[in-house]
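For reference, the structure is listed below as structure tokens.
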Amino acid sequence: MVWLKRRRVLVLASIFILTWLVIIIYTPSPSGSQKNANHGAKRGASQQKPPQSGSRRSGKLPRIRIVDVDENPSIDKEEQKIETQLRDASQDFSDNKNLTFSKIKILDGENGDSKALLNIELDLIPHALPEGVRTQGAIWNLAGSWVNSKQITPADNPDLGMVLNAMANRPIVKADIGYKGTQLKARLELSGGQWVVFKPGRYTRDHVIDGTPYAGYDRHTGEIAAFHLDRVLGFHRAPIVVGRRINLRTEIKPVASQSLLNTFLNRGNQTCFYGKCYYCKPEEPACADEHDMMEGSLTLWLPRDKKLKKWHHLWSRTYRDNKKAQWEHDNNYCQGVLEKYPLEKHRHIMDILDTAAFDYLIGNADRHQYETFEADGDQAMLLLMDSAKSFGNPHHDERSILAPLYQCCKIRKSTWDKLLSLQDGRLSHVMRRVLSHDPLAPILTELHLQAMDRRLVTVIATIKKCLSDHGAEYVLLM
Ligand SMILES: Nc1ncnc2c1ncn2[C@@H]1O[C@H](COP(=O)(O)OP(=O)(O)OP(=O)(O)O)[C@@H](O)[C@H]1O
Ligand SMILES: [Mn+2]
């Protein structure tokens with residue numbers, strides 16, 4: 001009996017084992033390559049398997065990672081020591097000890113070795129003085145040496161922070177009335193012989209300008225933000241700008257020319273000045289706070305030996321309610337412009353198209369004229385000077401600023417690629433980070449930053465429409 005029972009158990013066990021063997025052999029297993037792929041994944045396996053739609057999408061738009069680097073790993077102890085010595089040896093750099101080095105990268109792809117789409121230095125700290133920068137004027141000569149026919153600020157150069165630092169801290173040795181123009185400003189000379197334009201702050205950050213697209217006084221914050229956007233877009237056509245808080249009584253009055261002093265007045269316990277310009281008048285002065293402090297933007301003067309040539313902007317406004325400019329009613333206006341000024345012969349006309357996107361993003365409808373370097377003739381670049389009528393109303397997008405773009409349907413491919421790379425909130429992210437390093441930060445309210453993202457969607461949609469109407473060969477300029 002026992003023997004029979006054992007045989008039954010053995011047969012049942014064999015059937016059970018055989019059944020399992022059959023199941024194991026005939027069940028399809030993952031392919032070898034997949035096994036290896038899963039084995040090789042260190043972490044985040046789900047991130048490593050992009051969905052089909054994701055990989056299709058990455059063909060069009062690069063997958064982008066934004067990296068904020070707050071500490072410069074290259075600054076070692078020894079360098080920090082030298083930096084401290086240099087700062088202590090020179091009062092020029094003595095005020096700004098707390099600024100940190102920073103850098104923003106936008107990377108194409110997710111690996112460390114991927115292509116950098118944007119890589120800009122944000123440092124406001126001088127972490128090493130370059131060779132020869134030992135005299136008061138050397139830093140300004142360095143900034144002047146960056147100015148050439150193709151760009152006036154450097155891309156990815158840590159010395160830019162040193163120039164910003166000097167502009168934000170150097171003593172003011174002379175102050176004079178603004179030179180020309182319609183808006184209140186002063187021309188200051190910083191120690192070492194550098195001229196800068198001072199545009200006083202007249203509005204709080206959240207003040208909204210209503211009225212015509214060019215209404216209101218200049219916005220110093222707009223000038224600062226525009227300088228940084230010019231670099232983010234890779235243009236490098238705007239002079240260097242930094243924010244600075246200045247004491248009118250102790251820093252300006254003692255070094256002011258008589259003609260500037262004549263425009264000073266007191267309002268209650270506030271020190272004010274109204275300067276000399278087309279719209280300057282005693283009833284509309286700019287005033288410091290009760291401690292005589294006034295915010296403003298400082299724009300670095302371009303090298304004085306570079307002669308500028310003024311151009312009337314072909315899409316300028318009439319500044320009259322009852323009169324329209326030709327471009328405002330003539331749909332073939334651009335055709336006429338391109339016949340008269342073929343793009344390959346007139347670089348600055350091509351720049352007008354970049355500038356339309358730029359000005360639309362910042363809400364500047366006041367680029368009635370522009371300047372180029374005279375020596376460069378028709379191949380000269382358009383200098384993005386005076387962008388202060390920007391960021392007036394975050395709730396309004398002034399479509400007419402885009403007219404050169406939607407009428408000509410042409411844009412540089414490099415600009416188009418850059419605009420695409422800043423989609424999906426990256427533009428505001430980068431600008432928020434860049435601007436956080438200005439001494440007057442925060443520069444733009446969240447509403448203004450969001451407005452830039454919203455406007456970018458419109459710029460891209462406008463170009464996409466051109467691409468579908470005319471094709472890439474016509475629209476994208478190499
Ligand atoms: N950083 C600079 N370097 C060299 N020249 C400059 C600089 N800033 C301004 N200028 C000169 O001064 C002129 C007037 O400057 P700006 O446009 O800022 O003044 P504005 O009062 O706003 O003028 P407008 O009323 O015409 O807009 C410029 O067109 C240019 O010729
Ligand atoms: Mn102006």
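Values in this text are rule-based calculations from the coordinates and carry no lab data. None of the values given here were measured: they were computed from a predicted structure. So basically every Cβ, Gly included, is an ideal-geometry build from the backbone, and we count neighbours across all protein chains shown.
Would you please name the trypsin sites (Lys or Arg not before Pro) within the range 254-305 that are DSSP coil residues with at most 16 other C-beta atoms within 10 Å of their C-beta?
On the way: sites: R267, K276, R304; in loops: K276, R304.
Here the sparse-neighbourhood loop sites are R304.
I need the peptides 464-477, 238-251 ranked by packing, meaning the mean over residues of other C-beta atoms within 10 angstrom, with the highest value on top.
Numbers: 464-477: 13.7, 238-251: 19.9.
Highest-to-lowest ranking by the protection proxy: 238-251, 464-477.
C277: net charge of surrounding residues, Cβ under 15 Å, Lys/Arg +1, Asp/Glu -1, itself excluded?
Values: positive: K180, K185, R187, K199, R202, K276, K281, K389; negative: D176, D218, E283, E284, D366, D386.
Overall, the nearby charge balance is +2.
What does the charge count around L405 come to, taking other residues whose C-beta lies under 11 Å from its C-beta (Lys +1, Arg +1, Asp -1, Glu -1)?
Working: positive: R399, K410, K465; negative: D354, D359.
So the surrounding residues net to +1.
Across the range 256-273, in residue order, what do the Karplus-derived ³J(HN,Hα) couplings come to in whole Hz, using 6.51 cos²θ - 1.76 cosθ + 1.60 with θ = phi - 60° and x for Gly and Pro?
Karplus values, whole Hz, x for Gly and Pro: 7, 5, 4, 5, 6, 4, 4, 9, 7, 8, 10, 10, x, 9, 9, 8, 9, 8.
Restricting to DSSP loop positions (anything but H, G, I, E, B) with no more than 14 other Cβ atoms inside 10 Å of their own Cβ, which chymotrypsin sites (Phe, Trp or Tyr not before Pro) remain in the range 162-221? Don't jump to the answer; show the numbers that get you there.
Values: sites: Y179, W195, F198, Y203, Y214, Y217; in loops: Y179, Y203, Y214, Y217.
Of the chymotrypsin sites (Phe, Trp or Tyr not before Pro), the ones in loops of the range 162-221 whose Cβ has at most 14 other Cβ atoms within 10 Å are Y179.
Please list the non-local residues whose amide H lies under 5 Å from the amide H of V173, H modeled 1.01 Å from N, same-chain partners needing a gap of 5 or more.
Counting only residues 5 or more places away or on other chains, the set is E189, L190, S191.
How would you classify the range 171-235 from its alpha-carbon gyration tensor, with a ≥ b ≥ c the square roots of the eigenvalues: rounded for a/c under 1.5, else prolate if a/b is greater than b/c, otherwise oblate?
oblate
So if I place +1 on the C-beta of Lys and Arg and -1 on the C-beta of Asp and Glu, and nothing else carries charge, what would the dipole magnitude of the range 276-355 be about its Cα centre? I want it in debye, nearest 20. Spell out each step's value before the answer.
Working: 14 positive and 14 negative charges, 155 e Å.
Approximately 740 debye in magnitude.
Which ³J(HN,Hα) values in Hz, rounded to whole numbers, follow from the phi angles of the range 403-411 under the Karplus curve 6.51 cos²θ - 1.76 cosθ + 1.60, where θ = phi - 60° and Gly and Pro get x?
3, x, 6, 7, 8, 8, 6, 9, 7
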